[in-house]
Amino acid sequence: MTNPRVIQQTPEYNIIEADFKGTIQTFRQWHNGFVEIKFNHDFALANGFKGVADMLRHEPNVRYQINMYCGGTVPEWIAIINGEFMIKTNIQSN
């Protein structure tokens, strides 16, 4: 990542953009340390796909997680946990 820049600040988080492989990646860095990345066309391109639809066609695990945890709706943001991209869910376990 090169040229990181804060483009928005709120009391809860900062939105940061950075250049990566000819794309602009957008991150939401929460003040508690939690980090998310915008799940969009540039994210898919940076991961070697033609776009989000192409990524979902070729990544059945991502498609499964979206169907399972997001009701089939592509999320705007996905979490980065221990260097891995994770689909966030609002489902709570007991």
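The values are calculated or read from the model by the stated rules, or taken from the named source; none is laboratory data. Computed from a predicted structure; not experimentally measured. We place every Cβ from the backbone using ideal geometry, glycine too, and count neighbours over all the protein chains shown.
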| query | What is the residue count in segment 28-64 for residues that are free of Cβ contacts under 8 Å to residues at least 40 places away in the same chain, surrounded by 14 or more Cβ atoms within 10 Å (Cβ to Cβ) and in a strand (DSSP E or B)? | reply | 2
| message | When you check PRO75 against the structure, is it crowded, with 16+ Cβ neighbours inside 10 Å, assigned to a loop (DSSP other than H, G, I, E, B), out of contact with any Leu (no Cβ under 8 Å at 6 or more places or on another chain) and not hydroxyl-bearing (Ser, Thr, Tyr), yes or no? | response | yes
| request: For segment 54-72, enumerate the residues that are among the hydroxyl-bearing types (Ser, Thr, Tyr) and modelled with pLDDT under 90. | output: TYR69
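Return the only residue of PRO4, PRO11 being of a type outside the set (Gly, Ala, Ser) and either in contact with a Phe, Trp or Tyr (Cβ under 8 Å, 6 or more places away or on another chain) or surrounded by fewer than 11 Cβ atoms within 10 Å (Cβ to Cβ) (or both).
Working: PRO4 fails: either in contact with a Phe, Trp or Tyr (Cβ under 8 Å, 6 or more places away or on another chain) or surrounded by fewer than 11 Cβ atoms within 10 Å (Cβ to Cβ) (or both).
Criteria check complete, one pass: PRO11.
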| query | Tally time: how many residues in segment 1-27 are in a loop (DSSP other than H, G, I, E, B) and not basic (Lys, Arg)? | reply | 5
